[in-house]
Amino acid sequence: MASATVEQQARRRSASTDKTGDRVFRGLAFGASLVILVILGFVTIFLIAKALPTFSAAPSELANGVGFATYVWPLVVGTLISAVLSLLVATFVAIGVALFISHYAPWGLSKPVGYVIDLLAAIPSVIFGAWGLAVLAPAMVPIYAWLNAHLGFIPLFGPGYSNTGKTLLTASLVLGIMIVPIITAQSRELFLQTPMLHQEAALALGTTKWGMIRATVFPFARNGIVSAVMLGLGRALGETMAVTLVLSSGALTPNLIDNGNSTIPATIALFFPESFGIQQNELIAAGLVLFVLTFVVNLVARAVVSRYSEFSGAN
């Protein structure tokens, strides 16, 4: 009887300790989330406060002598074009590499390739930009010449082309290479978490390995793939140094292989150090537009993910 009482007291102490640990962890998690919200709020207040003089100033008072909307619109378009092109380059390559690592590569090869992908994600963006400037841009010039000669009647590839290779298309390729490791690393982990029973059941029904992947792996990882792609898109939208080094900025043009076009981060990086007065406010206002654009993209991504939130991988 005494031993039973001792065991009950031990269980109560253990349960009390567990509840205390849960409360401490809950408090720490809540505090961390609150810190993030506070920082985000301060950033928002700073951007709005510094951008207000731009919105109230006359067009002639601005650094570029035009209205802010006329100034920022080409930058928004250039930012979106480079981000979308980089996603078109990176998404399919990243998913293919992730599938190779998770389902096709032998064990002795999948681990080294996975390590290399993780290391690529940690390389500073300025290194990618320097590589794009010194290696990729000159290598793209003959390709641009061929595109201009054979497809120059399409506005995307004509009427001229850059002899330096510093174009929006080159910048988009560099961005695509930069975000491949991000999408690959997340997709690989999702593919590896697909329930083995589902995969074996699909194979037992007589389907091919590719059929099994389409029937079980892709549906199970769908939400995560969308999240990984949106994370890569966020990196592409906000990238500064790599685009600044590779892109020869200029007026907005539909031609992707000629000089011209720019992005908001690249413009801020180029002109902010020497700016002052209303020009500085104008650049901060452009940063506010990028902030809102990124926020909207994340909201859309969250809506897409929540649309399939009921999928469990078994239905």
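Loop only per DSSP, at most 15 neighbouring Cβ atoms within 10 Å: give me the chymotrypsin sites (Phe, Trp or Tyr not before Pro) in region 206-315, ordered by residue number.
Counting only loop positions with at most 15 other Cβ atoms within 10 Å, the chymotrypsin sites (Phe, Trp or Tyr not before Pro) in region 206-315 are F276, Y308, F311.
Where in the chain are the helices, taken as whole DSSP H runs, whose Cα atoms extend 15 angstrom or more along the long axis and whose Kyte-Doolittle mean reaches at least 1.6? Please list the in-between numbers first.
Details: long enough: 2-56 (81 Å, 0.58); 68-99 (45 Å, 2.11); 107-121 (22 Å, 0.89); 137-151 (20 Å, 0.89); 168-192 (35 Å, 1.64); 218-238 (30 Å, 0.99); 278-307 (43 Å, 1.39).
Within the chain the helices that satisfy the rule are 68-99, 168-192.
With springs connecting C-alpha atoms under 10 Å apart, model the chain as a Gaussian network and identify which of V141, V35, V174 has the largest mean-square fluctuation.
Residue with maximal mean-square fluctuation among V141, V35, V174: V35.
In debye, nearest 20, what is the charge dipole magnitude of the chain about its Cα centre with +1 on Lys and Arg Cβ and -1 on Asp and Glu Cβ, if you could check?
Charge dipole of the chain: 920 debye, to the nearest 20.
Which one, I81, P53, I225, projects farthest toward the positive side of the charge dipole computed for the chain from Cβ point charges (K/R +1, D/E -1)?
The one lying farthest along the dipole's positive direction is I225.
Out of these labelled values of P(r) over Cα pairs in 20 Å bins from 0, in percent, [x] 24, 47, 23, 5, 1; [y] 28, 57, 14, 0; [z] 33, 61, 7, which was calculated from the coordinates shown here?
[x]
Hey, in the GNM for the chain with a 10 angstrom Cα cutoff, which one of M212, M241, M178 fluctuates hardest?
Largest GNM mean-square fluctuation: M212.
Rule-based calculations on the coordinates, nothing more; no lab input. This is a predicted model, so every value here is computed, not measured. So basically every Cβ, Gly included, is an ideal-geometry build from the backbone, and we count neighbours across all protein chains shown.
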